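Only one structure is covered here, and it is reproduced in the block below.
The numbers here are math on the coordinates, done by the rules we state, and not lab data. Being a predicted model, the structure only gives us computed values, none of them experimental. Heads up, the Cβs are rebuilt from the backbone with ideal geometry, glycines too, and the neighbour counts pull from every protein chain shown.
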Amino acid sequence: MAMALLIVDDDPDVLKAAAFALSDPQTKIVTVDSPVEIEAQARGCDAVLLDMNFALGERSGGEGLDALARLKTAYPDLSVVLMTTYGGVNLAVDALKRGAVDFILKPWRNEALSAIMTKAAQTTCDRRAEAAMTLDQLERRAIERALATSNGNLSRAAAMLGLTRPALYRRLERHGL
């Protein structure tokens, strides 16, 4: 899968290690050492690997969470993975609640980092594809999901969709299902 990734960390060794771990002939990697103007740097990216602390001695994750908020405002469909050396369950939960798709601790295992970033890029791709769908396409997808979830039971599918059975039948016919 071709990807464009942005890696943001103040430690040049971490930038090199992450770029190495994520290097692939089909992957474009951009590295920067500061979250300043991160919105412009993330333009065109499929996923961002973002450190949480940039000031010497800082361990709160505040700078990373602030950068995450700016990214989510500028690009709501962009997947952001946060990383830190000083992490705990509370920080990870807070990051996920604020819109990060995942959280990884340094040092990482290269295979784990690669899998997380590939999944994050795929999530961005899926979000972008869904955002580009027409209302009819979204309706068809919702009907297909309801039918799958209800194992083809039309009464349950109609109830899940908030429709009557006759209304579901009309939509099934319209979508050729």
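In Å and whole numbers, how far do the C-alpha atoms of the stretch 88-177 stretch along each principal axis, longest first?
Projected onto the principal axes, the Cα atoms of the stretch 88-177 cover 56, 25, 22 Å.
Expressed in nm to one decimal, what extension gain is obtained for the pair residue 19 and residue 177 from 0.36 nm per residue of sequence separation less their Cα-Cα distance?
On the way: separation 158, 0.36 × 158 = 56.88 nm, distance 4.57 nm.
Net length gain for the segment: 52.3 nm.
Could you check which residue among 129, 158, 55 shows the biggest mean-square fluctuation in a GNM of the chain with a 10 Å Cα cutoff?
Between 129, 158, 55, it is 158 that shows the largest mean-square fluctuation.
Is the C-alpha gyration tensor of the chain telling us rounded, prolate or oblate? Criteria: a/c under 1.5 is rounded; beyond that, a/b larger than b/c is prolate, otherwise oblate.
It comes out prolate by the Cα gyration axes.
Going by the alpha-carbon gyration tensor, a ≥ b ≥ c the square roots of its eigenvalues, is the stretch 1-86 rounded (a/c under 1.5) or, if a/c is not under 1.5, prolate (a/b greater than b/c) versus oblate? Show your work: numbers first, answer last.
Values: a/c = 2.10, a/b = 1.21, b/c = 1.73.
It comes out oblate by the Cα gyration axes.
Please report, in debye to the nearest 20, how large the charge dipole of the stretch 55-177 is about its Cα centre when each Lys and Arg carries +1 at its beta carbon and each Asp and Glu carries -1 there.
Charge dipole, the stretch 55-177, about its Cα centre: 400 debye, nearest 20.
GNM, the chain, Cα, under 10 Å: largest mean-square fluctuation among 34, 150, 114?
Checking each option, the largest mean-square fluctuation is seen for 150.
So, in Å, what gap is there between the alpha-carbon centers of the stretch 4-52 and the stretch 136-159?
The stretch 4-52 and the stretch 136-159 have Cα centres spaced 40 Å from each other.
Using a Gaussian network for the chain with springs between C-alpha atoms less than 10 Å apart, which of these wobbles most: 151, 53, 90?
151
With runs of 4+ DSSP H residues as the only contributors, calculate the mean residue ellipticity of the chain at 222 nm using -39,500 (n - 2.57) per run, divided by the residue total and rounded to the nearest 500.
-16000 deg cm²/dmol
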